[in-house]
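First the structure, in the form of structure tokens, and then the observations on it.
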Amino acid sequence: MLITQRRDRTMSLPFIDLKAQYNSLKDQIDARIQTVLNHGQYIMGPEVEECEKALQNFLGCQYAITCASGTDAALMSMMALNIGPGDEVITTAFSFIATIETIVLVGATPVMVDIDPATFNMDVHQIESAITEKTKAIVPVSLYGQPADMDEINSIAAKHRLHVIEDAAQSFGAPYKSKRSGNLSEIGITSFFPAKPLGCYGDGGAIFTNNSDWAEKLKRIRNHGQSQRYHHPLVGLNGRLDTLQCAILLPKIERYPWEIEQRQRIAKNYSEAFSQMELAIPFVRADRESVWAQYTLRVPRREQFQKRMNELGIPTAVHYPSTMADQPAYQKISRVHDISEARKASQQVVSLPIYPDMSPQIQDKIIESVRQSL
């Protein structure tokens, strides 16, 4: 769930400027789209395989399976791992609702634990106390662009013979020690929703693994469980990513390393400015980097802060205004541990505009507006 201050006539700045990004890649994207229009293979055309190979090369994994959305990526991964009724899946309480929605859709029970207040990621110290004989998997979400504590999570999972699905929708490609987010566990998933660090111009997603058996199974699940035309050995779904979106992603993948550098530069400028204002700035652990899907502050009087920012022409957003455990549809079908830090964060977090093409002048305006709004 995302709460964004609506733009009115006084507002001139976008929260994310996708138009500027498109303008910088217009010739490449337009040419790629025209190629698809010319060959007419709109479903599973050659650009799909080309896109998957580009994603594999970027992450350093053996298999990338594109799909129709980040939600489908999570759902398909759990289907491939045979997670279903009677199973429990441990995850964070502080994320977008799709994190537990997909667990419920396969018939399993979400088990939510608290967050580390410094990083907003899953508190690894709570995981083992949440494990029961029914636990089948752990789904860490790398929130706001910073990878979760994946080494510790993988170690716990190995000890208890559990699967790990890394949700890298907000952290795709972020360096973590010698690897990149998305390739830090048995299975990694991402979303190509337009506002994500690497996004297409519609819905889209991908799954990453180094396991050939799972990769083959995921490809079948993506296409109605089909192994060959009209032969369906698995229950599947229509989870294909269309060729046009892959054509759009290909130039964006080439530009993505530069975009990560720009997001990091802008985040550094924010942090240097806000540290002088005694603000609680985002914390990134020394052994990893963030790709800054969001630049998120903690502000005790958030509503007043957002109102003043809105008056100054600066949009803000809240990711997320409540925990997943407090959503009505899931209160009776989830198991929840102490999530006091997640609930506290949900009342304080507020995100500022950040995107690779942001000019220094725009960032200066945002920084000054924050100063005034405090």
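The values are calculated or read from the model by the stated rules, or taken from the named source; none is laboratory data. As the structure is a computational prediction, the values presented were derived from the model and not from experiment. Every residue, glycine among them, receives a Cβ derived from its backbone with ideal geometry; neighbour counts consider all protein chains shown. To get the accessible areas, we keep the full protein, side chains included, count just its heavy atoms, and leave off ligands, DNA and RNA. Shrake-Rupley method; radii C 1.70, N 1.55, O 1.52, S 1.80 Å.
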Exercise. Restricting attention to the range 16-53, and to residues there that are under 19 Å from the mean Cα position of the chain (by Cα) and hydrophobic (A, V, I, L, M, F, W, C), which single residue is surrounded by the fewest Cβ atoms within 10 Å (Cβ to Cβ)?
Worked result: LEU18
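Quickly run through the range 349-374 and pick out the residues that are under 15 Å from PHE305 (Cβ atoms) and open to solvent by 40 Å² or more (accessible area, probe 1.4 Å).
At the first step, the residues of the range 349-374 found to be under 15 Å from PHE305 (Cβ atoms) are 349-353, 366-374.
If the condition is that a residue be under 15 Å from PHE305 (Cβ atoms) and open to solvent by 40 Å² or more (accessible area, probe 1.4 Å), then GLU368, ARG371, GLN372, LEU374 are the ones that fit.
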Seminar exercise, completed: Filtering the range 128-161 for residues that are hydroxyl-bearing (Ser, Thr, Tyr), touching a helix residue (DSSP H, G or I) at 6+ places or on another chain (Cβ under 9 Å) and within 30 Å of SER351 (Cα to Cα) leaves a count of 1
For this session: Could you grab me the full set of residues in the range 239-272 that are open to solvent by 30 Å² or more (accessible area, probe 1.4 Å) and touching a Lys or Arg at 6+ places or on another chain (Cβ under 8 Å)?
Result: ARG240
Seminar exercise, completed: The condition of being farther than 25 Å from PRO257 by Cα and in contact (Cβ under 8 Å) with a residue 40 or more places away in the chain holds, among VAL89, VAL124, VAL48, only for VAL89
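Here's a check for you: in the range 274-304, which residue that is assigned to a strand (DSSP E or B) and not aromatic (Phe, Trp, Tyr) is modelled with the lowest pLDDT?
ALA280
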For this session: Filter the range 322-345 down to residues that are open to solvent by less than 70 Å² (accessible area, probe 1.4 Å), over 16 Å from ILE90 (Cβ atoms), part of a helix (DSSP H, G or I) and not acidic (Asp, Glu), then give me how many there are.
Result: 2
